[in-house]
Amino acid sequence: MVINQNESYPLIAVEQVNKSFPLPDGKGEFTVLESINFTVQRGEVVALLGRSGSGKSTLLRIMAGLIPPSSGQIISNGKRLRGANQDVAMVFQSFALLPWLTVQENVELGLEARGISRAERQQRALKAIDLVGLDGFESAYPKEISGGMKQRVGFARAFVLQPKVLFMDEPFSALDVLTAENLRGEIDDLWNEGKFPSESIVIVTHNIEEAVFLADRVVILGSKPGRIRGEVKIELPRPHPTNSDRFKQLVDYIYTIMTNPEKEVTGVAAAPPKVARSPFAQALPHARAGGISGLLELLVEKPDAKEDLPKLAERLQLEVDDLLPIVDAAVLLGFAKVAQGDITLTEIGKDFATTTILRSKDLFRQQVLANVPIIVSMVQSLREKQNGSMRADFFLDLLDEHFPHQEAERQFSTAVDWGRYAELFEYDATEERLYLPEASVSLEEATLS
């Protein structure tokens, strides 16, 4: 259905899109995306920013018509999308080149599928190859070129289709740091110079600095289920000056948003009232007790036990998806607070980082029992058994009600790691059983210790 014949409507409109996948054994559904509404306008770069599990790549594929939404609709260039979206092209994280074809043949592949004549295919392919800086490598095979050059072929293969919107799904994450920075800068230059062969760009990323550098606005997704929390407009001159105070302020602000899942983002609708949930539905950040302890020991040596999160990530050479779970765990346990892009140890966090091993375990146990309902529930279940022992399957089944099986196993593994460190229970991996330690104290005594 044609909605309008002029260009006043968005290139892409996402309207009330939900996406769920069935859980194994018919135990219900796992909701990946919930009530997604947003638009892509002409002449803008939009970044979809979210942590792992926020459904950002799933949303991109729904807009591309590669998978259908469970409900809702996509309007592309004024028409409701049914099937593959002919107005978009995509650059993937993996290079996805056919090894038996040359660079030029790989670039021409999409045009050939659309029935474009050989002469026009060659002309458009050579122009795209030149645009991405691969002139002279037309006859090379993928095995003969570097990773950065392979991704340039991926961009050329998308450019040659002359899409209205170019989708990029973490296109630089498979490259080394220097190659990624170079290619990211070249893509930004093409856009700023008006040479980019599409009207708009949508990029999926978990890299906050990348989002602020490339995008005109950053749409921030929450997770489990994926939902749009709000957006941040990047009101900076192009190219975005990475050394400016405003750039750093924007990065810090988004770090703050990403590390505070309940924090309101400007323009986001009020959150629905909270409903009491099963302790097994509340996801734990995937961080080991040793990683949490190491982070606290690093921070306690800083002035005021405080550190800027972007600087901390850079100092530790960690990606956001690797650092944030550890930060989230420290905050959940009451060992740290995050505000304005900075992480600061609480008094109990400082105590934990500077005391003896035995006392640190006592403090860890105290904080787990006060802040982690799933582990409290596991301990209570063990105490209700006369022999103080239960099979791991019992707890995995409870987790399976709320998460896909692989994620349920990861949640169980994290809970076991924390519970064992806190000496609340032991785990026999051979028998796959949890049991109370012989010298354990009661929940009430542990809470008061």
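Some notes on this structure:
- Hz values of 3J(HN,Hα) by residue in segment 384-394 - Karplus curve (6.51, -1.76, 1.60), Gly and Pro given as x: 6, 8, 4, 8, x, 9, 8, 6, 4, 4, 4
- Of all beta bridges that DSSP places with both ends in the chain, some 65 percent have antiparallel geometry.
- With the simple model of a label 7 Å out from the Cα in the direction of the Cβ, Asn192 to Arg391 spans 6.2 nm.
- Segment Lys143-Gln340, length gained on full extension (0.36 nm per residue, minus Cα span): 66.3 nm
- In sequence order, segment 132-137 has phi-based couplings of 8, x, 10, 4, x, 10 Hz under the Karplus curve 6.51 cos²θ - 1.76 cosθ + 1.60, θ = phi - 60°, and Gly or Pro positions carry x.
- The C-alpha atoms of the chain define a longest principal axis, and helix 177-192 lies at about 50 degrees to it.
- Listed by chain and number, the aspartates and glutamates whose C-alpha is less than 16 Å from the C-alpha of Lys385, apart from same-chain residues fewer than 8 away, are Asp393, Glu426, Glu438.
- Taking the average, over residues, of other Cβ atoms within 10 Å as the packing measure, peptides 193-200, 218-225 rank 218-225, 193-200 from highest down.
- Sparse packing (at most 14 other Cβ atoms within 10 Å of the Cβ) combined with a DSSP loop state is found for the following chymotrypsin sites (Phe, Trp or Tyr not before Pro) in segment 27-113: Trp100.
- Crossing angle, helix 245-258 versus the chain [Cα axis fit, 0-90 degrees, rounded to tens]: 50 degrees
- Here's the picture: a label point sits 7 Å out from the Cα of Thr31 along the beta-carbon direction, and within segment 389-404 the residues with their amide nitrogen under 14 Å of it are 402-403.
- Across segment 109-122, computed HN-Hα scalar couplings (Karplus, 6.51 cos²θ - 1.76 cosθ + 1.60, θ = phi - 60°) run 4, x, 5, 5, 5, 8, x, 6, 4, 4, 5, 5, 4, 4 Hz from first to last residue, x flagging Gly and Pro.
- Taking Thr346, Thr430 and counting other C-beta atoms within 10 Å, the order from fewest to most: Thr430, Thr346
- Order of Phe21, Phe280 under a 10 Å beta carbon neighbour criterion, fewest first: Phe21, Phe280
- Estimated 222 nm signal from helices in the chain, with DSSP H stretches of n ≥ 4 weighted -39500 (n - 2.57), rounded to 500: -12500 deg cm²/dmol
- Rounded Å value of the spacing that divides the Cα centres of segment 46-108 and segment 180-212: 17 Å
Only the coordinates and a few stated rules stand behind these numbers; no lab work does. On a predicted model such as this, the values are computed, not experimentally measured, just so you know. Cβ coordinates were reconstructed from backbone atoms using ideal geometry, including for glycine residues, and neighbour counts include every protein chain displayed.
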